[in-house]
Amino acid sequence: MKRREFITLLGGAAAWTLSARAQQPAMPVIGFLNPQTPEGLAGPLRGFRQGLKDAGYVEGVNLAIEYRWANNELERLPALAADLVRQRVAVLVSTGGTTVALAAKAATTTIPIVFSTGNDPVRQGIVASLARPSGNLTGSVFLSVDLSAKRLELLRALVPGVARVAVLVNPGDTANMEVTLRDVEAAARSLGMQIQVFKADTRDQINATFESMGRDRPDALFVAITPFFLDRRVHLTQLATFHRLPTAYSLRDFVEVGGLMSYGASIADAYRHVGTYTGRILKGAKPADLPVVQSTKIELIINRETARMLGLTVPPSLIALADEVIE
């Protein structure tokens, strides 16, 4: 083969390769918005990526993800949502509660949004209906706030004679705080309990709040679900144990690091649903045609070692009900 013919052949091969690449579809990019930090969301993220995988998408292989973390500064959420909209992501994934979902909803009416929340999304104005969400939003609801009454019942079963319960809420997360207080107050009245509300949205306020509870000596503590508290679960559980406060949480994450008891939805399962819906939308489904899915996996987790440190004996009836007992 002559040198000129060889060079021409190489040039043609290179041109074919560039043309083939140009014809390949671009890797879709989704936006992921969350009020927490990456470290505080490791477990749920695994569930989200599993849902994507179930739908045929793997990050870094045939999907790219732009992450935006608010680091528990909720006032940053609207700007972070707007930034993802400017990136023209294919889907905007909004996880971490009502405040995040509303920030995403305000940022775009055209980009599909898949959310997760522990509150009623209809009552919070996120979607028009669970069965027919309409517009550009759909998502997953994990039961948390609505389980307040059952959580108080289980706390009473574990702590005999409990009558005065402290309730810790985050005033920076207004939507969750209002719903939690409404439901806990109603549940406490029906159970003949008295509640005392404590508020904290900084580390120093958490410390001061526990000092105050240490002086007031309530019978038990009820911690509201909020991303801020989840990111500080080690700090909270250590303070509860130090002040010898039997405490009920919403998520197993607290019990895994030393908390006494949790009763609530599996967040990883809810995020898996979000991942699956995201994949379906990438394949052409419309959010309005995807009913908001309710995560039905509810867990009772008890840390028996923490119960021993608090001088409590876990009744056999609770052991039988528990999905997991941590020794």
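The numbers here are math on the coordinates, done by the rules we state, and not lab data. The structure presented is a predicted model; accordingly, all values stated were derived computationally and were not measured. No Cβ is skipped: glycine too gets one built from the backbone with ideal geometry, and neighbour counts run over all protein chains shown.
Worth pointing out:
- For ALA106 and LEU312, a Förster radius of 45 Å and the Cβ-Cβ distance give a FRET efficiency of 0.50, rounded to the nearest 0.05.
- Kirkwood-based Rg to Rh ratio, region 17-121, C-alpha trace: 1.01
- Dipole magnitude of the chain about its Cα centre (Cβ charges: Lys, Arg +1; Asp, Glu -1), debye to nearest 20: 1000 debye
- Computed over region 201-270, the percent of Cα pairs more than 19 Å apart is 27.
- FRET efficiency, 1/(1 + (r/R0)^6) with R0 25 Å, evaluated for GLN294 and VAL85 via beta carbons: 0.35
- Per-residue ellipticity at 222 nm, computed for the chain from helices alone with -39500 (n - 2.57) per DSSP H run of at least four residues, works out to -13500 deg cm²/dmol.
- Rounded, prolate or oblate (a/c below 1.5 giving rounded, otherwise prolate when a/b exceeds b/c) for region 157-218 by Cα gyration tensor: oblate
- Counting neighbouring Cβ atoms within 10 Å and putting the fewest first, the residues PHE32, PHE198, PHE242, PHE254 line up as PHE242, PHE198, PHE32, PHE254.
- Summarised as an ellipsoid, region 174-322 has semi-axes of 32, 19, 16 Å, derived from the eigenvalues of the Cα gyration tensor scaled by 5 and square-rooted, with the largest first.
- Centroid-to-centroid separation of region 263-308 and region 47-98 [C-alpha atoms, Å]: 16 Å
- DSSP assigns beta bridges within region 182-327; of those with both partners inside it, close to 40 percent run antiparallel.
- Rh (Kirkwood; distinct C-alpha pairs) - the chain, Å: 21.3 Å
- Cα gyration tensor shape for region 70-156, rounded if a/c is under 1.5, else prolate or oblate: oblate
- Per-residue extension of 0.36 nm, minus the Cα-Cα distance of PHE242 and GLU178, leaves a gain of 20.2 nm for this segment.
- Projected label points at ALA64 and THR37, each 7 Å from Cα along the beta carbon direction, are separated by 2.8 nanometres.
- Under the simplified labelling scheme, the SER129-GLN205 pair shows an inter-label distance of 3.9 nm, with each label point 7 Å from Cα along Cα→Cβ.
- Which listed pairs, of LYS199/LYS297; LYS53/LYS286; LYS150/LYS297, have C-alpha distances above 23 Å, in listed order: LYS199/LYS297
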